[in-house]
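Every number in this text was worked out from the coordinates using simple rules, so none of it is lab data. Computed from a prediction, not measured in an experiment: that's the story for all the values here. Glycine gets a Cβ as well: all are built from the backbone with ideal geometry, and neighbour counts include every protein chain shown.
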Amino acid sequence: MSTIYILWLRQVKKYFRTPSRIVGSLGQPLLFLLVFGFGLGSVFQQAGQGDYIQFLSPGIIMMSVLFTALFSGIDLIWDRQFGFLKETMVAPVPRWHIMFGQALGGATVASFQGLIVFLLSLIIGFRVVDPLLLPVAVLIIFIVAMLFAALGISIASLLEDMQGFQLIMNFLVMPIFFLSGAFFPLEGLPKALEVITRIDPLTYGIDGLRHVLSGSGTFGMGLDLLIIVVIAALVLGVGSYLFERIQA
């Protein structure tokens, strides 16, 4: 277990040693909150859907978690290119410990990033319905972060260069985000789009966070939690298998 802790600590320290990375990664979520939140707020209200900031904020929080968690997989490619991964893999520990430590560190960083965006949303005007449910919100954020950090590492296990990883991430990130219901309600969608949103795991993370923070949602809280936990476990299992086969 010490290997898991060391790799987790390494990921977290790397994040806090680069404050410019923290500030830079807040630009896009803040832009979405301000431009979409206020720009489309009146349209959303006219459609009878209420306050758009209340609807949008959980989606933007999860957007920050998604981006940070998925791109944490790039650290694995860095470690492979600079020899750190080889040194780690010769240690007398199961390889899944290394993979889990990397994923745990990436998930912790992504969760922290999501909490910063949450604080920004409070400044902009978002209001939490029940503050007692905030620990549940943190749990949902962490599970989603773990899911996508493991997915990022799984993909990085199959690649050896940065360019390939970034291309695949750019191909995955935007569809996962835009088809998750972050910007629009999930009710009344065309059938094809409805099916796609149901397949997207981020849909259930955002819906669960909306239940907890703003008291609204499409699916039940229990279903949201069940789906993201099951998918996170499956992705961790696949990631562990792929990591066992990696050539450092």
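For segment 199-212, putting each phi into the Karplus relation 6.51 cos²θ - 1.76 cosθ + 1.60 with θ = phi - 60° gives couplings of 7, 5, x, 5, 3, 6, x, 5, 4, x, 5, 5, 4, 6 Hz, in residue order, rounded to whole numbers and with x for Gly and Pro. Between Leu119 and Ser2, the modelled labels are 3.4 nm apart [label points 7 Å from Cα along Cα→Cβ]. Along the Cα→Cβ direction, 7 angstrom out, place labels at Leu31 and Leu189. What is the inter-label distance in nm? With each label placed 7 Å out from Cα toward Cβ, I get 2.4 nm.
Here the residues Val93, Val128, Val109, Val35, ranked from fewest to most Cβ neighbours within 10 Å of their Cβ, fall in the order Val35, Val93, Val128, Val109. Subtracting the Cα-Cα distance of Ile196 and Leu158 from their residue separation scaled by 0.36 nm leaves 11.1 nm. Between Arg245 and Leu167, the simple label model (points 7 Å from Cα in the Cβ direction) yields a spacing of 2.1 nm.
What's the angle, to the nearest 10 degrees (0 to 90), between helix 95-124's Cα axis and the longest principal axis of the chain? Between the helix axis and the principal axis of the chain, the angle is about 30 degrees. In plain terms, the residue of Leu209, Leu9 with the fewest other Cβ atoms within 10 Å comes first and the most crowded comes last, giving Leu9, Leu209. Enter the angle in degrees (range 0 to 90, nearest 10) between the Cα long axis of helix 2-16 and the first principal axis of the Cα atoms of the chain, meaning the one along which they spread out most. The helix 2-16 is inclined about 60 degrees to the chain.
Computed packing ranks the peptides 97-106, 196-205 as 97-106, 196-205, most packed first, by mean other Cβ atoms within 10 Å. In sequence order, segment 158-165 has phi-based couplings of 8, 10, 10, 10, 5, 4, x, 5 Hz under the Karplus curve 6.51 cos²θ - 1.76 cosθ + 1.60, θ = phi - 60°, and Gly or Pro positions carry x. For Glu187, Glu244, the sequence from fewest to most other C-beta atoms within 10 Å is Glu187, Glu244.
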